[in-house]
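The values are calculated or read from the model by the stated rules, or taken from the named source; none is laboratory data. Because the structure is a prediction, the values reported are computed rather than measured. When we count neighbours, we look across all protein chains shown, and the Cβ atoms used for this are built from the backbone with ideal geometry, even at glycine. Side chains are part of the model used for accessible areas, which takes the heavy atoms of the whole protein and leaves out ligands, DNA and RNA. Shrake-Rupley method; radii C 1.70, N 1.55, O 1.52, S 1.80 Å.
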Amino acid sequence: MERPARLCGLWALLLCAGGGGAAPTETQPPVTNLSVSVENLCTVIWTWDPPEGASPNCTLRYFSHFDNKQDKKIAPETRRSKEVPLNERICLQVGSQCSTNESDNPSILVEKCTPPPEGDPESAVTELQCVWHNLSYMKCTWLPGRNTSPDTNYTLYYWHSSLEKILQCEDIYREGQHIGCSFALTNLKDSSFEQHSVQIVVKDNAGKIRPSFNIVPLTSHVKPDPPHIKRLFFQNGNLYVQWKNPQNFYSRCLSYQVEVNNSQTETNDIFYVEEAKCQNSEFEGNLEGTICFMVPGILPDTLNTVRIRVRTNKLCYEDDKLWSNWSQAMSIGENTDPTFYISMLLATPVIVAGTIIVLLLYLKRLKIIIFPPIPDPGKIFKEMFGDQNDDTLHWKKYDIYEKQTKEETDSVVLIENLKRNSQ
């Protein structure tokens, strides 16, 4: 009898424990002293104190999210930060609960927002964009706001995790309607910059325009410098191109585009290269850091001009849209001597002009030669048998008399000469 009694007692304890675990979680009081502050340029920090009168058996966790229930988080810390451009108001809601289960009912949510930016929204600069050039310097450009004076003096401030304080960009310049500024960006604390970003704000010294903020992740908006072509050569009907990548980049982090312009076909062939490698003995012992690519089907007996450009790929960066400028062009092959073609090009107009002038001068003569006139029979018979007046008959008789007199004179002279010769 004693053993069954013990089993009943253990069963009762298990039921009690199970019933206690199934009870609904107690709702805790709300957090207190929720405040917000801004560090650097765009780092917003919310802090709060634990709720008053919380259950001593509760391991407090804090549920928080931003506007529209974005970026939900449950954590034991009484602090939360976010790097965000302060171009509009940012709000955080915080509540307390006793578990990490999101389905549990938190306390009443307490909200705290950043103050809205000061100034006329139409006065803030527009199209604020920044590009990290060759991992060496950052160039930011923008357009003036609609309600701003043309003589507004803009100032750009920037900050990143490797800086001890906020710095001002000194190199302000204008390019047409755009205004820009460039600053050096190389001295990062470590080579892994996936979590790094640069905080930017543009405003004026007089405080008349609304500040404009931007956050530039260092894994995007990266534009490399153009590569440098080292050599070109033909082998086995293929064109081999060797170049050196821009500094500060690993080869695996770049994609390439090779352009070959053939002088004979006058076409530009573009080859997209994701992995540039060549198995060729010609490259043994060359400088370290050079890249090779084989271009098939290129005619060696014509002039071929090669250019290359590069961009970052998504293996190392988030952005792969910004191509570098084209490299300096290099040519290989034989170019046909253009002297003959240039001479013919210059001489052809002269020959054509001369031919036209000759044709104009001798057009009538050529017309007579090609199309001779047909004699008029009526005119011929009229001249032979037509009526003749007295003057015409007189002159014809005179011509006959002159002709006979000349013939008689010539005969006398001839006889006298023969006599003299015989003597």
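Checking the conditions here, which among I74, I45 is aliphatic (A, V, I, L, M), more than 30 Å from E164 (Cα to Cα) and either at pLDDT 85 or above or assigned to a helix (DSSP H, G or I) (or both)? Quick ask: steps written out before the conclusion?
Numbers: I45 fails: more than 30 Å from E164 (Cα to Cα).
Within the list I74, I45, the selection yields I74.
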Among residues belonging to the stretch 148-169 that are open to solvent by 30 Å² or more (accessible area, probe 1.4 Å) and either touching a Pro at 6+ places or on another chain (Cβ under 7 Å) or in contact (Cβ under 8 Å) with a residue 60 or more places away in the chain (or both), point out the one that is nearest to P217 (Cα to Cα).
-> W159
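Here's the yes/no breakdown for (1) more than 23 Å from D225 (Cα to Cα); (2) surrounded by 10 or more Cβ atoms within 10 Å (Cβ to Cβ); (3) at pLDDT 80 or above; (4) acidic (D, E):
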| residue | (1), (2), (3), (4) |
| --- | --- |
| V310 | no, yes, yes, no |
| L322 | no, yes, yes, no |
| I332 | yes, yes, yes, no |
| I342 | yes, yes, no, no |
| L345 | yes, yes, no, no |
| I370 | yes, no, no, no |
| E383 | yes, no, no, yes |
| N389 | yes, no, no, no |
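Residues checked against (1) of a type outside the set (S, T, N, Q); (2) over 19 Å from the mean Cα position of the chain (by Cα); (3) at pLDDT 90 or above; (4) open to solvent by less than 10 Å² (accessible area, probe 1.4 Å):
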position	(1), (2), (3), (4)
H228	yes, no, yes, no
G237	yes, yes, no, no
K244	yes, yes, yes, no
S255	no, no, yes, yes
E259	yes, no, yes, no
S263	no, yes, no, no
I270	yes, no, no, no
E275	yes, yes, no, no
C278	yes, yes, no, no
How many residues are assigned to a strand (DSSP E or B) and of a type outside the set (V, I, T) when one looks only at the stretch 249-276?
-> 11
Quick check: anything in the stretch 98-113 more than 30 Å from L34 (Cβ to Cβ) and of a type in the set (K, R)?
-> no
How many residues does the stretch 64-99 hold that are in contact (Cβ under 8 Å) with a residue 40 or more places away in the chain, open to solvent by 20 Å² or more (accessible area, probe 1.4 Å) and in contact with a Pro (Cβ under 7 Å, 6 or more places away or on another chain)?
-> 3
Under 6 Å by Cβ, and 6 or more places apart or on different chains, what pairs join a residue from the stretch 115-136 that is surrounded by fewer than 16 Cβ atoms within 10 Å (Cβ to Cβ) with one that is of a type outside the set (F, W, Y) and not in a loop (DSSP other than H, G, I, E, B)?
-> T126/L143; E127/L143; Q129/T141
Residues within the stretch 119-156 that are of a type in the set (F, W, Y) and more than 15 Å from Y173 (Cβ to Cβ), tallied | 1
Taking the stated definitions as given, is L86 in contact with a strand residue (DSSP E or B) (Cβ under 9 Å, 6 or more places away or on another chain) and either polar (S, T, N, Q) or within 30 Å of K203 (Cα to Cα) (or both)?
-> yes
